Amino acid sequence: MSSKQKPMRYGHTEGHTDVCFDDTGSCIVTCGSDGDVRIWENLDDDDPKSINVGEKAYSCALKNGRLITAVSNNTVQIHTFPEGAPDGILTRFTMPVNHVTFSPDGTKVAAGSSDFMIKVVEVADSSKQKTFRGHDAPVLSLSFDPKDVYLASASCDGSVRVWSIADQTCTTSWLLLQKCNDVINAKSICRLAWQPGSGKLLAVPVDKVVELFRRETWDSQFDLSDASITQPLNVVVWSPCGQFLAAGSVDGNLVVWNVETQQCIERMKHEKKYSICGLAWHPKYKQIAYTDNEGNLGLLENIGDVEKPNDKVASAVAKDYNDLFDGDDDDYLNGDAIEPPSSPKTGDNEDDADDLMQPPGHVRRAVIDDDDDNSLDIGLIKASSGLLEKEDDGDDQTGGFSALPPSSTQQPFYDGPMPTPRQKPFQSGSTPVHLMHRFMVWNSVGIIRCYNDEQDNAIDVEFHDTSVHHATHLPNSLGHTMADLSTEAILLACESTEELASKLHCIHFGSWDANKEWTVDMPKDEEIEAICLGQGWAACATSDLLVRVFTVGGVQKEIFSLLGPVVSMAGHGEQLMVVYHRGTGFDGDQCLGVQLMELGMKKRQILHGDPLSLTRKSYLVWVGFSAEGTPCYVDSEGAVRMLNRGLGNTWIPVCNTREHCKGKYDHYWVVGIHENPQQLRCIPCKGARFPPTLPRPAVAILPFKLPYCQVETEKGQMEEQYWRSVLFHSHMDYLSKNGYEFDENAKNQAVKEQQELLMKLFALSCKLERESRCVELADLMTHSVLNLAIKYASRSRRLNLAQLLSEVAVEKASELAAAQEDEEEEEDFRKHSSAGSATKRGQLPGRNVQQDQEVEDDEETDACEEAEETPEVHEEKEPNCFSKGVTSAEVTTPKPAALVASSSRGRVNPFKVSSSKKDPVVPSGNVLDSMTKYSKKTSLSGSRAADKQNPPVIKPLTPKPKTKQTSAASFFQPRTPATNPGEKTVEEREEKAGNESQEAKVTAQENTENRRPKTGFQMWLEENRANILTDNPDLNEAEVIKEGMSRFRMLTSEERMVWTEKARGGRVSDSAEDKKRKRPPAEEDEVKKSQEQKSEDTNVSKKSKPLDPSTNNKLSAFAFKQS
């Protein structure tokens, strides 16, 4: 059996649902317990026409342009079809009507009610009624005899009766069903049916079989049953030809029999086993529409195609189409080459059905004919498609086509991939234009609604934050169809008419003058197709493949050409993104390109018409920016993609809304994307692609999830979290580069999270004995966390791994030191420029993210004298890393893992803290924990300018509040020259000499060799360095440290303990000496020693003891916590 069961879709709310086709089969009509009648052009119709007929609709019937519904207010109503205009009440009962049905000619309607009565009413004159009394319980269903002589009925009293319509008497009665007192308690609703045409048989669903009774004799002819039916049958329906009978059961089984052979030709199971309560057979095709008692609608296609039925009812050639071609071909024979093959033909007005293109089905064949009037050469089609080969197998009737003469004007037949119809332009966050009440835009600023009905043609503007602007009501006399909204303006556009040109209308409510509105007319025959707003500018894309840019006050600015018809556009700040058709797609795929431009002071193009990646057979439904300014878009399959600036401006999928949908036809309508916090804001739409304006839709928040492999495992989960955190905080680099304010603390927190995850992954890899993976993870770590990883490896007795990690640390330190030297030179050059260099930073051309990061960090560093800083800072911080880090940091706790003041993404200068691996584990944690947020543009440049022009008086380092600015200021104080601030602009070597005396104090404090607590290994190395160099005179400093570490490890534990005790004992005197020696000579050998000490400490994995209080007080300005 080659039938095709299409996935069910949401149609109505839970409850009994009925279904029928219209006379031509061009649409499916359903009614449900929500009181709506819906008209579906096909099963994929996401915007069905809806007619509200009452509180609940129990049954519907359709014939001759009249729609009859049984409504919960005990009436039978008439509506015109397809307009849906009320046309009066046909009849009334004292209880709800359970079933309505038309007579074969459509002149009469029969209705059965829970008050035990049946009425047959003339449609033209409802006063002509016939009442049938005799049932002792609610009437379940009715069926007219095709010859209009009899009426059959089933009731809760267990009986099935046949009535003579003319004299209103009961002709015969069978007691077949189980008795019950109401419809809701009935095991089956027993929808019976007469055989079309002759009316020879009456089919009645009785428990698990269908009994067929012969007309006139009223004998039971035979039963139809199947092993797959395990529950009572609910409803039966005949095919229009009278040859097939379909039945649906209460547990979701659907079975089709060939009545002549009494063989089952189709079996189908409901995907959720809901009770099938409505069945309708397509008047032309082999399709059955069915509904269940949960409000869902389904479609079964190509029924019985394997067999060649002897269609005795069909007499015209047109009737044989179903036997020659499958459902796909029927659409082409009707000239419907684009619509999905499963759908009934939609008629001529499908263009205005929806602005969102329905995804095309699997288009298989096209026929090229010389005529323009849709005429088709049947012989050509059959010859080309090879359908004539088995034509004579079934019967002689279907073979009639072979006599058709071949056309003399035949052209070659094309059987390749078919082009996809181009998607129409749309505004993101809008609903289709043809709706009377619609959203023109819903974005992160507010909502614009449009009302276009008999009473009013107006636009309502509502702001999420009323402090931006109050809600506004605008007339819509020009018929605006497009809108956009920002925090400073409302932009509207309308299409041209015969008299008026297409217009762009802007209401600049943020303007300070009185005239806030302006309008621009487009040139003749140029239509506006998409519009958007940015910060201080507006833009529109037109049918002439132009993008026109205006200021928000109405000044015309740049114009540039697009490479294809526009699909949509979006703006944010200085960024403009335009999506257009860059070619023709095939087999259901769209072929789109994207341009991303910056329209600020330095205008440049970021994406040059790059292809836009879409899911297969999908189209674009939303394009815009996150609240933080990162370009994003959503396709019709629910894939949300975001621009990854850190990987060469590529697109990465960050969420799939389909994973959160319960049903196949449910969707999420995106209204906004936020990166911090990570939120996808959207509106759930049940059974539709977009929400209605009323009632006001509720916004749901979906989480982001990158499509990494094996996210159910611990490793995969942490990898996904790490890279998601990296991606969703990379916007801060862009913001800082372009001079926007951003949350400094959030960035520090993100760095902490990322380093925690790396440390957890490192620990997991250690546990799994994947040491090479550990080294790969170490490349991603910051310096403090790398030190922590070295300690973890040492404690885990993985000395080989610790050795490798130490090498990585030394290598990183040397690279960063070299990078810093280059930066210092650049910084010295930049110091000659004005103190307002912060304003220039956003205009630096073409930098990549990492360079920007370095520049930012550079600028922070320029407030202190870089000449002496490289050795000194490292000397000062490193021993603390080990003395405190070891004593107070647990390897497994998240805090140390995240204590990264200096990740390449961090706001603190990575070179200052990390160029020699000196970021101490716990201290840098304190820096991250206690830093306040500030605007890069304002605060940093301000503090820098202050340092340059008004150097503070030199004071001893005292504990300060641990904010970013104050700790930075106190850090800079000791080495700020007290003399002329202009000295800062001299070259670094001169600066070293000139500032030596001012820096001597800090040098003394930072010289770890003499002033800072030492570990046992450090003291051992001091005494044994000469021996090591004697044995190996060619070793450089890093190799000396390595050799020293290996020799120190070879000592016995007692000997190592002795050195540790020595280090302990020397601390008090050291710190006392600190107090005395404020300005020791800053000699070259001290600087050299400090550099040696820096490298040495990177590799140390020994434990040292807490500092004494006086030293801690001195270091508190660096935001180090006491343990």
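The values are calculated or read from the model by the stated rules, or taken from the named source; none is laboratory data. No experiment lies behind these values; they were computed from the predicted model shown. Note: ideal-geometry Cβ built from the backbone for every residue, glycine included; neighbour counts use all protein chains shown. Accessible surface areas use protein heavy atoms only, side chains included; no ligands, DNA or RNA. Shrake-Rupley method; radii C 1.70, N 1.55, O 1.52, S 1.80 Å.
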Q: Beyond 14 Å, what share of the Cα-Cα pairs of the range 479-558 is found? Please give it as a whole percent.
A: 57
Q: Just the Kirkwood number for the range 63-174, please: inverse of mean 1/r across all distinct Cα pairs, in Å, one decimal.
A: 13.9
Q) What residue among H12, P48, V76 has its Cα farthest toward the positive end of the dipole of the range 1-76, where the charges are +1 on Lys, Arg and -1 on Asp, Glu, each on the Cβ? A) V76
Q.
Solvent-accessible area of H434, probe 1.4 Å, all protein chains present, reported in Å² to the nearest ten, please.
A. 80
**Q.** Debye intensity ratio in log₁₀ form over the Cα atoms of the range 606-742, taken at each q of 0.15 Å⁻¹
**A.** -0.79
Q) Cα extents of the range 443-516 along the three principal axes, largest first, in whole Å? A) 40, 27, 21
Q) In nm, to one decimal, how far is the F586 label point from the K49 one, both placed 7 Å along Cα→Cβ? A) 3.8
(Q) Below 8 Å, C-alpha to C-alpha, sequence gap of six or more: please give me the relative contact order for the range 250-290 in percent. (A) 35
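Please work out how many pairs of lysine residues in the range 556-697 are eight or more positions apart (or on different chains) and have Cα atoms closer than 22 angstrom.
Summing the qualifying lysine pairs gives 7.
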Q | Separation of alpha-carbon centers, the range 722-756 and the range 99-121, rounded to whole Å | A | 69
(Q) Under a crude label model (7 Å from the Cα following the beta-carbon direction), how far is K424 from S477 in nanometres? (A) 2.7
Q. How would W669, W723, W40 line up by accessible area, probe 1.4 Å, largest first?
A. W723, W669, W40
Q: Extending each Cα 7 Å along its Cβ direction at T230 and E714, get the distance between those two points in nm, one decimal.
A: 4.2
Q. Expressed in nm to one decimal, what extension gain is obtained for the pair D223 and L435 from 0.36 nm per residue of sequence separation less their Cα-Cα distance?
A. 71.3 nm
Q | Projected area averaged over orientations for the range 680-790, convex hull of C-alpha atoms, nm² | A | 10.7
Q) Cross-link list K715/K1014; K747/K767; K715/K812: which exceed 28 angstrom alpha carbon to alpha carbon? A) K715/K1014; K747/K767
(Q) Quick check: with the 1.4 Å probe, what order do L545, L175 take by accessible area, largest first? (A) L175, L545
Q. Looking at V671, F690, F742, which one has the Cα that reaches farthest to the positive end of the dipole of the range 651-752 (charges on Cβ: Lys, Arg +1; Asp, Glu -1)?
A. F690
Q: Quick one: Debye curve from the alpha-carbon atoms of the range 584-650 only, equal weights, vacuum; give me log10 I(q)/I(0) at q = 0.16, 0.17, 0.26 Å⁻¹ to two decimals.
A: -0.60, -0.67, -1.27
**Q.** Debye-sum result for the range 492-649 in log10 I(q)/I(0), which assumes one identical scatterer on each alpha carbon, at q = 0.12, 0.20 Å⁻¹
**A.** -0.55, -1.33
Q) DSSP loop GluC sites (Glu not before Pro) in the range 641-737 with at most 11 other Cβ atoms within 10 Å of their Cβ, which ones? A) E712
Q: Can you sort K602, K128, K715 by 1.4 Å-probe accessible area, starting with the largest?
A: K128, K602, K715
**Q.** With all protein chains modelled, accessible area of M1057 [1.4 Å, Å²]
**A.** 100
Q) Say R0 is 41 Å: what FRET efficiency, to the nearest 0.05, do E741 and K557 get from their beta-carbon distance? A) 0.95
Q. So, by mean Cβ neighbours within 10 angstrom, what's the order for 155-166, 792-803 with the highest one leading?
A. 155-166, 792-803
